[in-house]
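So the structure is just underneath, and the comments pick up after that.
The values are calculated or read from the model by the stated rules, or taken from the named source; none is laboratory data. Quick caveat, the model's predicted, so the values are computed rather than measured. For neighbour counting, all protein chains shown are included, and Cβ atoms are generated from backbone atoms with ideal geometry for every residue, glycine included. Just so you know, the surface numbers come from the protein's heavy atoms only, side chains and all, with ligands and any DNA or RNA stripped out. Shrake-Rupley method; radii C 1.70, N 1.55, O 1.52, S 1.80 Å.
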Amino acid sequence: MKSSPRTVLLLFAAFFSISVVSAQDTEQPNRILFTNVNVFDGVNDSLAMNTNVLVEDNLIASVGPSIALPEGAEVIDGGGRTLMPGLIDSHTHFNLMLEGGPLALENATWEEIGT
């Protein structure tokens with residue numbers, strides 16, 4: 001039986017997509033465990049003292065005084081420093097960025113916009 005180029009291409013695409021999905025399923029998340037930190041959460045009036053924070057794929061997964069070290073996690077000892085979520089600059093002058101102003105967004109890179 002003779003295979004057409006189209007059939008071969010479809011079989012190759014199917015095999016490649018299956019192997020990519022399989023690789024993604026076995027890939028472990030990026031994990032960072034911050035230890036020995038005081039946590040400011042922006043909700044409570046006081047810090048959560050001497051605690052740990054587990055971050056998986058850039059999302060906070062767990063906060064508490066005794067989090068088991070996940071396999072393959074990077075550990076960062078906070079040395080008793082305060083850890084808090086990122087802040088957002090809500091004070092922006094978009095009028096400086098519109099219509100070719102000194103901070104025009106038209107041809108700016110994400111790094112230029114973020115500074």
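Summary of values
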quantity	calculated
Test result for residue 37, modelled with pLDDT of 95 or more and outside any loop (DSSP other than H, G, I, E, B)	yes
Odd one out for residue 44, checked against (1) open to solvent by 80 Å² or more (accessible area, probe 1.4 Å); (2) at pLDDT below 85; (3) not charged (D, E, K, R)	(2)
Residues of segment 23-34 satisfying the condition of being modelled with pLDDT under 55 and either within 24 Å of residue 68 (Cβ to Cβ) or open to solvent by 60 Å² or more (accessible area, probe 1.4 Å) (or both)	24, 25
Hits in segment 47-61 (condition: crowded, with 16+ Cβ neighbours inside 10 Å and under 19 Å from residue 71 (Cβ atoms))	52, 53, 54, 55, 56
Selection status of residue 69, closer than 11 Å to residue 31 by Cα, open to solvent by 80 Å² or more (accessible area, probe 1.4 Å) and in contact with a Leu (Cβ under 8 Å, 6 or more places away or on another chain)	yes
